[in-house]
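The values are calculated or read from the model by the stated rules, or taken from the named source; none is laboratory data. Owing to the predicted nature of the structure, the values given are computational and were not obtained by experimental measurement. Cβ placement follows ideal geometry from the backbone for every residue including glycine, while neighbour counts extend to all protein chains displayed. Surface accessibility is based on the protein's heavy atoms, side chains included, excluding ligands, DNA and RNA. Shrake-Rupley method; radii C 1.70, N 1.55, O 1.52, S 1.80 Å.
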Amino acid sequence: VVIWIVSSFIDRERPQPLIFHFEGVKSLEEIEFVRQEYDEIVPISTKEGKLEFLLTAPASVVGKMDMTEMKYQLLADSLIQVTLPDVIISDVLIKMDDVKDYFNKGRSISLFLSGGGKDYDKVYDQIVSSLEEAKKGVLASAINNDIISETDRKARAYMINMGETLGYRIEFVEKKKDKSFEEDLKHRLGGDLWRKIRHKVGEYEKPIEK
């Protein structure tokens, strides 16, 4: 969370404070607006399909924007036109130090340390594969839980609040959606998951207006 502390006094004859604060936002580069946390139950089976054990894998995914791509223009004495960058959905992060073996009373395990236990060695490939599939499931859940529209909404609210602090009204320019965004998510999710959640991609809440 980024907090800006600014003077309530703005000299309208000098645009430097406006430029300073907007360029300050751009200098932050990527800003995280939304973080969603999940606990995934990951079944681990042998190549023959026999269930060996379950893992609980704490995972997180972030909705953010690259603010270096933000554009703004002063249209009138108290009106700024802002074009926000596209939403970025981060890679899913699984906290490996907190992965638990569900069938072993929650005992912590070190999956990727050399050596390891005999029980884990024999299903190592399945562990790796299952965790990658779990990441896809978390990403799909995040999209289904509106991480895209929530990131967009919070970014707009952030800019509106900053504009109000400076004594300006913010007007957003709606730009054409970038098709590469959908293609990237389709590639990361795979066919079946993509078909289940594709209706959520590009679904944005009505823009916040002030």
Kirkwood radius from Cα pairs of the range 29-94 plugged into Stokes-Einstein at 20 °C, 1.002 mPa s, gives D in µm²/s equal to 140
Over the range 35-92, with the other protein chains present, what is the accessible area per residue in square angstrom, probe 1.4 angstrom?
48
Can you tally the net charge around Leu189? Count Lys and Arg as +1, Asp and Glu as -1, for every other residue whose Cβ sits under 14 Å from the Cβ of Leu189.
+1
